[in-house]
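For reference, the structure is listed below as structure tokens.
The values are calculated or read from the model by the stated rules, or taken from the named source; none is laboratory data. Please read these numbers as outputs of a predicted model, since none were measured by experiment. Here the Cβ is made from the backbone with ideal geometry for all residues, glycine too, and neighbour counts use every protein chain on show. Heads up: the accessible areas ignore ligands, DNA and RNA and are worked out on the full protein's heavy atoms, side chains in. Shrake-Rupley method; radii C 1.70, N 1.55, O 1.52, S 1.80 Å.
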Amino acid sequence: MEEMSGASQSEGTRQKGALAAARDPDALELTLAHSPDSDDAFMFYALATNKVRAPGLRFTHTLSDIETLNQAAQEEKFDVTALSFSAYPLLASKYALLDCGSSFGDGYGPMVVASRALKPADLAGKRIAVPGMLTSSYVALRLHTPRFEPVPIPFDKIIGAVANGSVEAGLLIHEGQLLYSQVGLHRVIDLGAWWREQTSLPLPLGGNAVRRALGPGVGRRVARAIQESVQFALDHREPALSYALQFARDMDYDLADKFVGMYVNSWTLSMGEIGRSAVRELLARGHDAGILPSVPSIDFVSLLPEGEDS
């Protein structure tokens, strides 16, 4: 796909927004925030480009890293937001989780890497770069290795920090899971594989949530819009991937295709009861280990049935 300049993208967004407003001037405007990576871009491709529209709703998209979104959600900055499942105990009074739009590591997931070969037991006491203290990957690592020194670093800087020796190891999320070997780093442990061995469940990483103040009717409409966007991308994979490549750091088409396939799939369309059980298990184990506050009663918002208006 020919890459548009920033100015052209902004102008195109303004034109689309004006067109949408003209078509539905009474639409409820909602702020929608997600991560600036290829899997989220793929997921929201249809909504961002108006391939899918939500009757009565209009979304303004904001892109930010997941830890920033976890913190912003504590102030209800966005109506609809991506968040780490492990942050949900802090947010349960403000947001309801959506059944759709989630990322799970199904036998794979965030991994710890180092500049030299280490055994998983060697991680105890090490300085380990983490992408945020509220992230699910951090909780999973704490469950595996209760005692280490976390060093919060933006997720896209962690490979560099490990390579230059600023930290002894790094916890990778997003595309880093597929790129670390290119700079000579060694995998110490795949936490998604470890979690599967421990629980027989996929590792729940991030999901989407909607502000409770908007009401259950709007929540279900949002759920339908996101699920339709995911389904559209899966059904139109090539153009959706071409769009997502704008956000794929250091990845070619084939590698981006592999990464998106890992985290946008049937779990993303609906986490189902297995996925819900996995979320509850992560929160319960995190609480039992003293990492997370008490586990809330979790509401999972499903999509609005066809033909229902509210």
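Kindly indicate whether ARG187 is closer than 26 Å to GLN74 by Cβ and in contact (Cβ under 8 Å) with a residue 60 or more places away in the chain.
On the way: closer than 26 Å to GLN74 by Cβ: no; in contact (Cβ under 8 Å) with a residue 60 or more places away in the chain: yes.
For ARG187, the condition - closer than 26 Å to GLN74 by Cβ and in contact (Cβ under 8 Å) with a residue 60 or more places away in the chain - is not met.
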Residue among ASP288, ASP250, ASP299 that alone is over 21 Å from ASN208 (Cα atoms) and either surrounded by 15 or more Cβ atoms within 10 Å (Cβ to Cβ) or at pLDDT below 95 (or both): ASP250
Within the group ASP257, ASP190, ASP252, ASP235, which residue is out of contact with any helix residue (DSSP H, G or I) (no Cβ under 9 Å at 6 or more places or on another chain) and not β-branched (Val, Ile, Thr)? ASP235
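Just name the residue that is surrounded by the most Cβ atoms within 10 Å (Cβ to Cβ) out of those in segment 253-264 that are under 17 Å from the mean Cα position of the chain (by Cα) and over 27 Å from VAL210 (Cβ atoms).
Result: ALA256.
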Are any of the residues in segment 232-247 of a type in the set (Gly, Ala, Ser), in contact (Cβ under 8 Å) with a residue 60 or more places away in the chain, assigned to a helix (DSSP H, G or I) and surrounded by fewer than 19 Cβ atoms within 10 Å (Cβ to Cβ)? yes
Would you confirm whether any residue within segment 141-149 is without any contact (Cβ under 8 Å) to a residue 24 or more places away in the chain and open to solvent by 10 Å² or more (accessible area, probe 1.4 Å)? yes
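Would you pick out the residues in segment 270-285 that are open to solvent by 10 Å² or more (accessible area, probe 1.4 Å) and touching an Asp or Glu at 6+ places or on another chain (Cβ under 9 Å)?
Of everything in segment 270-285, those that are open to solvent by 10 Å² or more (accessible area, probe 1.4 Å) and touching an Asp or Glu at 6+ places or on another chain (Cβ under 9 Å) turn out to be SER270, GLY272, ARG276.
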When you scan segment 180-187, do you find a residue that is aliphatic (A, V, I, L, M), over 30 Å from VAL80 (Cα atoms) and not in a loop (DSSP other than H, G, I, E, B), even just one? yes
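From the residues in segment 160-179 that are in a loop (DSSP other than H, G, I, E, B), in contact with a strand residue (DSSP E or B) (Cβ under 9 Å, 6 or more places away or on another chain) and without any contact (Cβ under 8 Å) to a residue 60 or more places away in the chain, which one is least open to solvent (accessible area, probe 1.4 Å)?
Going through segment 160-179, the residues in a loop (DSSP other than H, G, I, E, B) turn out to be 164-168, 173-175.
Among the residues that remain, those that are also in contact with a strand residue (DSSP E or B) (Cβ under 9 Å, 6 or more places away or on another chain) are: 166-168, 173.
From the residues that got through so far, the ones that are without any contact (Cβ under 8 Å) to a residue 60 or more places away in the chain too are 166-168.
Working: SER166: 64, VAL167: 9, GLU168: 83 Å².
Result: VAL167.
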Give just the number: which of (1) open to solvent by 10 Å² or more (accessible area, probe 1.4 Å); (2) in contact with a helix residue (DSSP H, G or I) (Cβ under 8 Å, 6 or more places away or on another chain); (3) within 28 Å of TYR95 (Cα to Cα); (4) assigned to a helix (DSSP H, G or I) does GLY206 not satisfy? (4)
Sole exception among (1) part of a helix (DSSP H, G or I); (2) under 22 Å from ARG249 (Cβ atoms) for LEU143, by number: (2)
